[in-house]
Amino acid sequence: MSAAPPEASVTAWALTVPEAMEDEASGLVWTAGCTGVTIEKAEEGAIRLVCFYDDAEGRAEDIQGVAARLGTTATRLQVPNPDWVQKFKETFITFDVPPFRIVPDWVKEPPASGRERSPHIIRVDPGRAFGTGAHESTRLCLQTLGALAPTLPHEPRTLDLGCGTGILGIAAIRATHAKVTACDLDPLAIAVARKHARLNQVSLKLLQIDGGRGLRPAQFDLVLANLMAPFLISRVDEITAVGAPGCRYILAGLLREEENAVRAAWPRDWRVSSTYQGEWASLRYERP
């Protein structure tokens, strides 16, 4: 019997970063032209991103620049050439984050929930996206939004700040019929959010801007901010400025150990509560 031919290999780049930087690192490698990325456990508290490019050698300067921004280095390595479509179909399956159900685009009919009340269906295409509902910080936002929805005004004016894939804005529409403005500085994120809006047959007002800069003050009833703790701290004034009286804020993307620093930066006379999942925390604020 003849031996099976060896699997073709390709050149990729590997970056090792702290686990808390997973979302930021994933976003940056996509903007550097990445066509696929796998995330693996590295040493304690760290992950390794293996990044694939159509022209890995030609992207050397770009990936080294990303590595420098993340405070790490990029290492060239040879790895088996992955079948990305098959990998996604094998590993990304329908899952629930009550009251929402996240359904891959290739699943044509959402599975029955077996519950009296049907979940809110959100379709995703994770092929070139980050923030598809699987990460703990996104799940915390979805859970908090689901719990908060019955207390919100009808069609709340909603801001999805740093929208990524747009999944949180879409969830707000599903749960509350929200009028959503979704913004992100990354043009790839805007393109992916636009694609997800079409996929879910909803309307998002998409803006490519830096944080809340340029937005009219006191215009939103709900602000969704699944960002990193340093951003939530350093940009607190502009984030709080966009909320109308009674505005609810759902903050995520921070670790439990960062919660006190975020609380210290945000207004102390606002009502606040916390929820947790694993090592991640979410804060819910209510503006007076």
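Laboratory data are not the source of any read-out in this text; all were calculated from the coordinates shown. Keep in mind that what you see is a predicted model, and the values were worked out from it rather than measured. All Cβ positions, glycine included, derive from the backbone under ideal geometry; neighbour counts span all protein chains shown.
Here are the numbers for the structure shown:
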item	result
Helix 187-199 axis, angle to the chain major axis (alpha carbon atoms, nearest 10°)	80 degrees
Calculated Rg and Dmax of segment 133-228 using C-alpha coordinates, Å	12.2, 33
Distance (nanometres) between label positions extended 7 Å along Cα→Cβ at residue 233 and residue 73	2.9 nm
Eligible aspartates and glutamates near residue 179 by straight Cα distance, threshold 15 Å, same-chain separation 8 or greater	155, 160, 221
Local electrostatic count at residue 68 - Lys and Arg +1, Asp and Glu -1, tallied over other residues with Cβ under 12 Å	-1
Cα long-axis angle, helix 60-69 against the chain (0 to 90 degrees, to the nearest 10)	40 degrees
Of every Cα-Cα pair in segment 180-288, the percent that sits beyond 22 Å	35 percent
Computed E for residue 154/residue 274 - FRET, C-beta separation, R0 30 angstrom, nearest 0.05	0.65
The chain: most fluctuating residue of 232, 224, 185 per GNM, C-alpha cutoff 10 Å	185
The chain: angle of helix 22-31 to the longest principal axis, Cα-based, in degrees nearest 10	70 degrees
Ratio of the Cα radius of gyration of the chain to 2.2 N^0.38 Å, where N counts its residues	1.04
DSSP bridge orientation in the chain - percent antiparallel, rounded to nearest 5	60 percent
